[in-house]
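*Asks:* Please read through the structure below; I'll follow up with questions.
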Amino acid sequence: MLLQVILASLTMTTGTGPMHAALAATEAPETFRAAFTVELRSQAARHVYTFDPRLPRTERWQLVSRQGQDSELDAVAANWASEPAPDGRLFPDDLRACLGQTVQVETTGHAWRVGFRHHPNYNDNEFDRWAAERLQAIALLDPVGERFLQIDYTLPKAVSGPSGGKLTRYNQSYILSTEPRWGFSYVSGFSIDLEARAAFKRITRRYEANVTDVQFFFASPEAEQTYLANTRAGL
């Protein structure tokens, strides 16, 4: 029994085996783009948007339908729309840096449970760095398909917030899917559920994003040929 437990829980390096292959699948080149539909949903509202980088800049992000009112959901959409490349959120290209060099893996079941502490990266903000010291992270990895399926960040206990107050609940999840032609992983779903208390106030945030109707392509035929040439050369 002890041997089974040891074999079921192992420390693994992220640069070899199915772990490396799964991470490589998240590292799409910057010239890889996506057009998509995204549904943003909260308890009070449901908004649907489309994005297509091939359209003129003022027409790329479009509201398709709107049900209910939620100012926070409006802010989420506005922030996403203001980014130079909103489709960049679909590609978790800094996951290798976040996991670090070694992780703890439970190999039982059809999906491995990869436990890690989020390592702050160059594009993490102050809150990301603060959260990295307190959140527990679990990634689900399909060892046969060599792809990540889901990444969850959870706050194990209430803590004082970086700007005062107390963060009492924090759950954040990313659902990963595989695009069929090139085999890259992309974020097809996202959810956040948090609660904080400060100055006799209770602050909650709960919403999810579901990405559908995704079309993947390279920014130009030249970019696609460059990627193929680099792949053949092993770069």
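The values are calculated or read from the model by the stated rules, or taken from the named source; none is laboratory data. Keep in mind that what you see is a predicted model, and the values were worked out from it rather than measured. Every residue, glycine among them, receives a Cβ derived from its backbone with ideal geometry; neighbour counts consider all protein chains shown. Just the protein is used for accessible areas: all its heavy atoms, side chains included, with ligands, DNA and RNA removed. Shrake-Rupley method; radii C 1.70, N 1.55, O 1.52, S 1.80 Å.
*Asks:* Would you mind finding the longest exposed-site-free stretch of the chain, with exposed chymotrypsin sites (Phe, Trp or Tyr not before Pro) meaning DSSP loop and at most 13 other Cβ atoms within 10 Å?
*Replies:* Counting at most 13 other Cβ atoms within 10 Å as exposed, the longest clean stretch of the chain is 1-121.
*Asks:* Explain nothing, just the number: relative contact order of the chain, from Cα pairs under 8 Å at least 6 residues apart, as a whole percent.
*Replies:* The normalised contact order for the chain reaches 22 percent.
*Asks:* Counting only residues 5 or more places away or on other chains, whose amide H sits under 5 Å from the amide H of S188 once H atoms are built in the peptide plane?
*Replies:* Counting only residues 5 or more places away or on other chains, the set is I175, L176, S177.
*Asks:* Provide the descending list of Cα extents for the chain along its principal axes, expressed in whole angstroms.
*Replies:* Result, largest extent first: 55, 55, 30 Å.
*Asks:* Moving on. If r is the Cβ-Cβ distance from D142 to F200 and R0 is 41 Å, what FRET efficiency results, to the nearest 0.05?
*Replies:* Working from the Cβ atoms, E equals 0.30.
*Asks:* In sequence order, what are the phi-derived ³J(HN,Hα) couplings for segment 34-49 according to the Karplus relation 6.51 cos²θ - 1.76 cosθ + 1.60 with θ = phi - 60°, rounded to whole Hz, with x for glycine and proline?
*Replies:* Residue by residue, segment 34-49 yields 8, 9, 7, 10, 10, 9, 9, 9, 10, 5, 9, 8, 9, 10, 10, 10 Hz.
*Asks:* Does segment 26-153 come out rounded, prolate or oblate by the C-alpha gyration tensor, with a ≥ b ≥ c the root eigenvalues, rounded set by a/c under 1.5 and, if not, prolate when a/b is larger than b/c and oblate if not?
*Replies:* Verdict is prolate for segment 26-153.
*Asks:* Can you give me the relative contact order of segment 130-169 as a percent, contacts being Cα pairs under 8 Å and 6 or more apart?
*Replies:* 32 percent
*Asks:* If you don't mind, another one. Expressed as a rounded percentage, what relative contact order does segment 84-191 have, with Cα pairs under 8 Å and six or more residues apart?
*Replies:* 20 percent
*Asks:* Considering only protein heavy atoms, what per residue accessible area in square angstrom results for segment 73-188 with a 1.4 angstrom probe?
*Replies:* I get 51 Å² per residue for this part.
*Asks:* Could you look at segment 8-143 and say what percent of its accessible area is carbon and sulfur, using a 1.4 Å probe and all protein chains?
*Replies:* 50 percent
*Asks:* Starting at the first residue of segment 145-160, write each ³J(HN,Hα) from the Karplus equation 6.51 cos²θ - 1.76 cosθ + 1.60 with θ = phi - 60°, in whole Hz, x for Gly and Pro.
*Replies:* Values, residue by residue: x, 6, 9, 6, 9, 7, 10, 10, 10, 9, 8, x, 7, 4, 9, 5 Hz.
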